[in-house]
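Novice: Before I ask anything, here is the structure I am working with.
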Amino acid sequence: MVGRVVKPHGVHGELMVDVSTDSADLRFAVGSVLFVTSRDGSVSRTLTVTAARPHSGRLLVCFEDVADRDAADALRNAVLCAHVTDLPPIEDPDEFYDHQLEGLAVLTVTGDVVGTVREIMHGAGGELLVVDRAKTRKAADYHSRAAMPQAIGEKLAHQQRCHVPARVTGA
């Protein structure tokens, strides 16, 4: 995920985007192709960037075939993703891409199975792991400030599970 469409901006198809990548200049460069994905990860369409500029802490982005406010409004809340093969390799063992954690088994530090990472939610306060619980299949959010370093270490070491503290918010 490189960003999420917040809303249309103006009447010419421009979109306000919350950026969730450290490489916004690269991801939203003119000619870049992004994928619009649904919550299940399926691609609904591709978009080619024609212009991007900063605005109030976000980006205003124009795409081919999004020429007016109605077309832009149809993309409200859309998740924008880059193709995995377009991502540069990560050299720092404490960094990761969201897709590297999605689908991993989640365990508490005592080894109890919690569930599976469904997605990483990016918010003003930081990132949250969204977990499908093993028994109830309901989503649970785990505070990431403590969970992420452990999740990263396990991910890189075993490529199959991550540990999180047993502090749950939500049900």
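Novice: So, in region 103-120, how many residues would count as being surrounded by fewer than 16 Cβ atoms within 10 Å (Cβ to Cβ) and free of Cβ contacts under 8 Å to residues at least 40 places away in the same chain?
Specialist: 3
Novice: Report the residue count in region 70-96 for those that are free of Cβ contacts under 8 Å to residues at least 12 places away in the same chain and assigned to a loop (DSSP other than H, G, I, E, B). Walk me through how you get there before you give the answer.
Specialist: Start the filter on region 70-96 by keeping residues that are free of Cβ contacts under 8 Å to residues at least 12 places away in the same chain, which leaves 70, 74, 85-87, 89-92.
So of that shortlist, the ones also assigned to a loop (DSSP other than H, G, I, E, B) come out as 74, 87, 89-92.
Number satisfying all stated conditions: 6.
Novice: Just for region 121-140: of the residues that are charged (D, E, K, R) and exposed (fewer than 12 other Cβ atoms within 10 Å of the Cβ), which one is modelled with the highest pLDDT? Talk me through it step by step, then tell me what you get.
Specialist: Kept after step one, since they are charged (D, E, K, R), are these residues of region 121-140: 127, 132-133, 135, 137-138.
Those still in the list that are exposed (fewer than 12 other Cβ atoms within 10 Å of the Cβ) too: 135, 137-138.
Numbers: Lys135: 68, Arg137: 42, Lys138: 46.
Here the answer is Lys135.
Novice: Going through Asp25, Asp86, Asp98 one at a time, which residue ends up being more than 18 Å from Val5 (Cβ to Cβ) and within 16 Å of the chain's Cα centre (by Cα)?
Specialist: Working: Asp25 fails: within 16 Å of the chain's Cα centre (by Cα); Asp98 fails: more than 18 Å from Val5 (Cβ to Cβ).
Checking each option against the conditions leaves just Asp86.
Novice: Can you find a residue in region 85-99 that is surrounded by 19 or more Cβ atoms within 10 Å (Cβ to Cβ), out of contact with any Cys (no Cβ under 6 Å at 6 or more places or on another chain) and at pLDDT 80 or above? Before the answer, list the steps.
Specialist: Taking region 85-99 first, the residues surrounded by 19 or more Cβ atoms within 10 Å (Cβ to Cβ) are none.
No, the conditions are met nowhere in region 85-99.
Novice: Would you mind finding the one in Phe96, Phe28, Phe35 that is touching a Gly at 6+ places or on another chain (Cβ under 8 Å) and aromatic (Phe, Trp, Tyr)? Reasoning before the result, please.
Specialist: Working: Phe96 fails: touching a Gly at 6+ places or on another chain (Cβ under 8 Å); Phe35 fails: touching a Gly at 6+ places or on another chain (Cβ under 8 Å).
Exactly one of Phe96, Phe28, Phe35 is touching a Gly at 6+ places or on another chain (Cβ under 8 Å) and aromatic (Phe, Trp, Tyr), namely Phe28.
Novice: Filter region 1-51 down to residues that are closer than 15 Å to His122 by Cα and assigned to a strand (DSSP E or B), then give me how many there are.
Specialist: Counting residues in region 1-51 that are closer than 15 Å to His122 by Cα and assigned to a strand (DSSP E or B) gives 7.
Novice: Under 6 Å by Cβ, and 6 or more places apart or on different chains, what pairs join a residue from region 52-69 that is on the phi < 0 side of the Ramachandran plot and part of a helix (DSSP H, G or I) with one that is surrounded by fewer than 16 Cβ atoms within 10 Å (Cβ to Cβ) and β-branched (Val, Ile, Thr)?
Specialist: From region 52-69, the pairs are Arg69/Val11.
The values are calculated or read from the model by the stated rules, or taken from the named source; none is laboratory data. Not measured: the values here are computed from a predicted model. Here the Cβ is made from the backbone with ideal geometry for all residues, glycine too, and neighbour counts use every protein chain on show.
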